[in-house]
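Here it is: the structure, laid out below.
The values are calculated or read from the model by the stated rules, or taken from the named source; none is laboratory data. In this text the structure is predicted, and so the values were computed from the model without any measurement. For neighbour counting, all protein chains shown are included, and Cβ atoms are generated from backbone atoms with ideal geometry for every residue, glycine included. Side chains included, ligands, DNA and RNA excluded: accessible areas come from the protein's heavy atoms. Shrake-Rupley method; radii C 1.70, N 1.55, O 1.52, S 1.80 Å.
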Amino acid sequence: MIHIDGSLGEGGGQVLRTALGLSAATGQPFRIDRIRAQRSRPGLQRQHLAAVLAAAEVCGARVDGAALGSASVTFRPGTARAGDYRFAIGSAGSTTLVLQTVLPPLLTAAGDSTVALSGGTHNPMAPPSDFLQLAFAPLLRRMGARLDLQLLRHGFAPGGGGTLAARIAPPSPWRPLDLRERDRAGLLRARALLAALPEHVGRRELDTLLQRLGRDLLSPEMTHIESVDADGPGNALVVELPAAAATEVVTAVGERGLRAEAVAGRAADEILAFVRADVPVGAHLQDQLLIPIALAGGGAFRTVAPTPHMTTNAQIVERFLPVRFRFAEDRPASWLVTAAAP
Ligand code: AMP
């Protein structure tokens, strides 16, 4: 039984999700204590409980401690099975984070799967569906696997009600990822998504972004306001930074009480840091790549400074899979991440 301290490093939901996904994929049981100890409302919230139950369903696990507020879970997995799954996260719980939890077992199962998820698709503190679709899935494809996503309805907090459909095909075989250079960057594209909000919100976000990034990075013709249907109001600013190697997607999600200029300012800060570093992998993709790279048995990528999410995730992944991650700042503000057998 692998023991995980849920307060480790970042100490959030990712520690739990990574352990669930890799336990379900490898068949190794684990116990986690002090779940999300570093968050203001620790323990299993609805979305984390949904992730536990989803992982359990995919691999036929026996689970103790699966209850709202629980600080400890014991997870004894069976065998991961391909199939057609439906997970309702409830309210605006993140569909993408639950999908990422079941991805490792479904990528190692024998056969293709479909997953239908309902909940939030554009949440703060989670990958928006656009990110999985445009940044993460193409890299999985390079590694030999397939993740095809369809956003059927947007879901914003607190209304939720979004739906996301995924089709997953395991690799045969895995190919190691090598993503060390950012070459041939394409034109940036920015979309302000608006559900039941006045158009000036999107206009002000795009104007702020244009001002902060300048003509060299973003031209007005590449900015769009997109009205979308959702249960209740919502807003997200989604910026695509395409390159031959990998598209990065930077997102800032609007919140009640947060000015449109501040939403765009967050996105602009992240984009400028990424562009200056001149690397293929940004601040969010870096932690999410560790699991597929470890499943593939190795790989290398260049990225911005390691986030606590990535260093924490590396420690959890190393508990379940025979891999060692190394991080080296071998150029100014540019880090090389490598994964290889220990
Ligand atoms: P946690 O905070 O532990 O629940 O983990 C949050 C996860 O969501 C991490 O994998 C983050 O990299 C990811 N994430 C948060 N915000 C974004 C974003 N704007 N774009 C992509 N991924 C994100």
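Quick check on region 118-172: what are the equivalent-ellipsoid semi-axes from the Cα gyration tensor, as sqrt(5λ), descending, whole Å?
Each semi-axis is the square root of five times an eigenvalue, giving 24, 11, 7 Å.
How big is D for the chain, in µm² s⁻¹ as a whole number, if Stokes-Einstein is applied with the Kirkwood radius of its Cα pairs at 37 °C and 0.692 mPa s?
Numbers: Rh = 20.2 Å.
Estimated via Stokes-Einstein, D reaches 163 µm²/s.
Write down the radius of gyration of region 47-186 and its Dmax, each obtained from C-alpha positions, in Å.
That works out to 15.7, 50 Å for Rg and Dmax.
If you wrap a convex hull around the C-alpha atoms of region 47-93 and split its volume per residue, what is the figure in Å³?
In region 47-93, the Cα hull volume divided by residue count equals 61 Å³.
Treating each Cα of region 174-267 as an identical point scatterer and ignoring solvent, apply the Debye formula and state log10 I(q)/I(0) at q = 0.11, 0.19, 0.22 Å⁻¹.
Summing over Cα pairs of region 174-267 leads to -0.36, -0.85, -1.04.
Roughly speaking, what is the stretch gain from T307 to D183, that is 0.36 nm per residue apart minus the C-alpha to C-alpha distance, in nm to one decimal?
Full extension of this stretch gives 42.3 nm more.
Taking 0.36 nm per intervening residue step and subtracting the Cα-Cα distance, what contour gain separates A165 from L336 on full extension?
Separation in residues times 0.36 nm, less the Cα-Cα distance, equals 58.2 nm.
For P42, what is the net charge nearby, where nearby means another residue's Cβ is under 12 Å from its Cβ and Lys, Arg count +1, Asp, Glu -1?
Cβ neighbours under 12 Å give a net charge of +3.
Quick one: check the C-alpha center-to-center distance for region 165-241 versus region 263-293, whole angstrom.
Between the Cα centres of region 165-241 and region 263-293 lies a distance of 13 Å.
Here's something else I'd like to know. State, in angstrom, two size descriptors of region 74-148 derived from its alpha carbons: Rg to one decimal place and Dmax to the nearest whole number.
My reading of the Cα-based Rg and Dmax gives 12.9, 35 Å.
Report, for the chain, the % of DSSP beta bridges that are antiparallel, rounded to 5.
If I count the DSSP bridges inside the chain, around 70 percent turn out antiparallel.
Check which residues have an amide H placed less than 5 Å from E248's amide H, if you skip close sequence neighbours.
L241, A243
Per 5 Å bin, what percent of the C-alpha pairs of region 258-342 does each bin hold, from zero upward?
Percent of Cα pairs in each bin: 3, 15, 24, 21, 15, 10, 7, 4, 2, 0.
Now for a separate question. Work out Dmax and Rg for region 111-229 from the C-alpha atoms and quote the Rg first, both in angstrom.
17.1, 49
At 0.36 nm per residue, minus the direct Cα-Cα distance, what do R266 and E226 gain on full extension? Give it in nm, one decimal, please.
Full extension of this stretch gives 12.4 nm more.
Can you sort V58, V304 by 1.4 Å-probe accessible area, starting with the largest?
Working: V58 0, V304 25 Å².
Order by accessible area, largest first: V304, V58.
If you roll a 1.4 Å probe over the heavy atoms of the protein chains, what accessible area per residue do you get for region 13-79, in Å²?
About 40 Å² of surface per residue is accessible.
Arrange the peptides 283-294, 2-13 so that the one whose residues have, on average, the most other Cβ atoms within 10 Å appears first.
By packing density, highest mean first, the sequence is 283-294, 2-13.
Just for region 162-275, what percent of DSSP beta bridges are antiparallel, to the closest 5? Walk me through the numbers on the way to the answer.
Numbers: 13 of 18 bridges.
The antiparallel fraction comes to roughly 70 percent.
DSSP H helices in the chain with Cα extent of 15 Å or more along the helix axis and mean Kyte-Doolittle hydropathy at least 1.0? Don't skip to the answer; put the middle values down first.
Numbers: long enough: 13-26 (20 Å, 0.71); 46-59 (20 Å, 0.91); 95-108 (20 Å, 1.28); 199-213 (21 Å, -0.83); 260-277 (26 Å, 0.68); 285-295 (16 Å, 1.26); 308-320 (19 Å, -0.46).
Within the chain the helices that satisfy the rule are 95-108, 285-295.
Another one. Carbon and sulfur atoms: what percent of the 1.4 Å accessible area of region 241-338 do they account for?
Percent of accessible area from carbon and sulfur atoms in region 241-338: 51.
Continuing with the same structure: Take the Cα pairs of region 191-342, get the Kirkwood Rh, then feed it into Stokes-Einstein at 25 °C and 0.890 mPa s and tell me D in µm²/s.
Estimated via Stokes-Einstein, D reaches 144 µm²/s.
For the residue pair D148 and A196, what label-to-label distance in nm results when each label sits 7 Å from Cα along the Cα-to-beta-carbon direction?
Each label point is offset 7 Å from its Cα along the Cβ direction, giving 3.3 nm.
Here is a follow-up. So what does log10 I(q)/I(0) come out to for region 214-271 at q = 0.20 Å⁻¹, using the Debye formula with one equal point on every Cα and no solvent?
-0.89
How many angstrom separate the Cα center of region 95-150 from the Cα center of region 1-65?
18
Relative contact order for the chain: what percent, with Cα pairs under 8 Å and sequence separation of 6 or more?
About 14 percent, as a whole number.
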